[in-house]
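In what follows, a structure is listed as C-alpha cells, so that the remarks can point back to it.
The values are calculated or read from the model by the stated rules, or taken from the named source; none is laboratory data. The shown structure was predicted, so the numbers you read here are calculated from the model rather than taken from an experiment. As a convention, Cβ positions derive from the backbone with ideal geometry for all residues, glycine included, and neighbour counts pool all protein chains shown. Just so you know, the surface numbers come from the protein's heavy atoms only, side chains and all, with ligands and any DNA or RNA stripped out. Shrake-Rupley method; radii C 1.70, N 1.55, O 1.52, S 1.80 Å.
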Amino acid sequence: MKKYIIEREIPNVGALEGEPLREAAAKSNQVLHKLGPGIQWLESFITHDKMYCVYLAENEAVIHKHAELSGFPAHKVTEIGKIIDTTTANQGSGGNHPVQLQSKLKLRV
C-alpha cells in the first residue's frame, strides 16, 4: 500500500477536545471497517483550522471514498514519496549525500 497525507480544512478543529474527538475517531473507524483492508489510518495532526491525516491506502480513490462516507473533507491528498528522520543521517552511503540533498532542497525553496 502507498502512504498518503490528507489535508482537511475544518474551521476551529484545534478547539475540539474529549468527546468530539472520540466521536470523530469512532466515525472514521466505522468507515474504515466498512471499506476493508485497502485503507488504514495511521495518525492525525491537528492545528487551529486544519487536520493532517496520514493513511496507508491502495490508491487515492479509496481515501476520497472514506472522506465521502465519513463526512470529513479531503481538500488535498498527497502521496508520500520518501520519508526522512533523525536516523537518516546514520544510514550508509546508499542514499543521497547530505550536501547533494541540501542543494536539491535549496533549489525548491
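Given the residues 46, 63, which is the only one that is within 16 Å of residue 80 (Cα to Cα) and of a type in the set (A, V, I, L, M, F, W, C)?
Selected residue: 63, the only one of 46, 63 that is within 16 Å of residue 80 (Cα to Cα) and of a type in the set (A, V, I, L, M, F, W, C).
Criterion first (touching a residue at least 24 places away in the same chain (Cβ under 8 Å), exposed (fewer than 13 other Cβ atoms within 10 Å of the Cβ) and in contact with a Gly (Cβ under 7 Å, 6 or more places away or on another chain)) does residue 75 satisfy it? Against the criterion (touching a residue at least 24 places away in the same chain (Cβ under 8 Å), exposed (fewer than 13 other Cβ atoms within 10 Å of the Cβ) and in contact with a Gly (Cβ under 7 Å, 6 or more places away or on another chain)), residue 75 does not qualify. Provide a single number: the residues in region 30-43 that are out of contact with any Phe, Trp or Tyr (no Cβ under 6 Å at 6 or more places or on another chain) and open to solvent by 40 Å² or more (accessible area, probe 1.4 Å). Matching residues across region 30-43 total 8. Checking each residue in region 26-57 for being touching a Cys at 6+ places or on another chain (Cβ under 9 Å) and part of a helix (DSSP H, G or I) picks out only 28. Taken over region 51-69, the residue count meeting the criterion of being touching a residue at least 12 places away in the same chain (Cβ under 8 Å) and open to solvent by 10 Å² or more (accessible area, probe 1.4 Å) is 12.
Residues in region 1-29 that are over 24 Å from residue 81 (Cα atoms) and either aliphatic (A, V, I, L, M) or surrounded by 12 or more Cβ atoms within 10 Å (Cβ to Cβ) (or both): 10, 13, 14, 15, 16, 21, 24, 25, 26, 27, 28, 29.
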